[in-house]
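The values are calculated or read from the model by the stated rules, or taken from the named source; none is laboratory data. Because the structure is predicted, anything quoted here is derived from the model rather than measured. Positions of Cβ are generated from backbone atoms using ideal geometry, with glycine treated the same way; all protein chains shown enter the neighbour counts. These area figures cover heavy atoms from the full protein model, side chains too; ligands, DNA and RNA do not enter into them. Shrake-Rupley method; radii C 1.70, N 1.55, O 1.52, S 1.80 Å.
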Amino acid sequence: ATEEVRSLEVGDLLAAQGDEDFVRERHTISHDADTLEMCEKMSHSAVGSLAVMDGDTVVGVVSEREYMRNVAAKPYTGKGLAHSVLDIMRPAHAVDFLSPQHTVEDAMLVMADHPSYESTHRHLPVVDEGRIVGMLSIRDIKKAVAAAGVHAEPLAGRIAWREEYAPPQPQLAFA
């Protein structure tokens, strides 16, 4: 089951989200939108990240984290909480993109940002022939792993780069 999940293609996971037009509409926002529109769309669509579009071109990605770090956690300004999504997004040149043919393992490696393990990429835009076809989230990967009945420990132990990195185990103390 572990090999089966690792070799699943990203397109297979996106297919479970609905048809391409629905998925694209759910995961995109116009470059001229503000952060209030962004929050409303994320809440309505139950997603944590949106591809910022200028026509058919992805110009960046904006997520809950960008909002929290760049708007909500900053001192109040005259703009209040409404800023342009362009002001807080990760620009396209700083975004990792996937294709529908990439595997779940490829996506996991990008999300882990090997070898630093400091990535905050929990959402990756998926592009096919220059056109956005969806957004893959860490939640999509977790669902695929759970559906296959794979336990996290065996999966982590079989990824080669994971063996090189052994994080210290926390010491738990109970009173």
Between MET68, MET42, which is open to solvent by less than 20 Å² (accessible area, probe 1.4 Å), without any contact (Cβ under 8 Å) to a residue 24 or more places away in the chain and out of contact with any Phe, Trp or Tyr (no Cβ under 7 Å at 6 or more places or on another chain)?
MET42
Looking at the range 15-36, can you tell me whether even one residue there is open to solvent by less than 50 Å² (accessible area, probe 1.4 Å) and in contact with a Phe, Trp or Tyr (Cβ under 7 Å, 6 or more places away or on another chain)?
yes
Among the residues that make up the range 95-103, is at least one of them open to solvent by 40 Å² or more (accessible area, probe 1.4 Å), hydrophobic (A, V, I, L, M, F, W, C), at pLDDT 85 or above and under 19 Å from ILE29 (Cβ atoms)?
yes
When you scan the range 2-52 for helices (runs of 4 or more DSSP H) that lie fully inside it, which ones turn up with 3 or more residues that are farther than 18 Å from LEU98 by Cα and at pLDDT 90 or above?
35-45
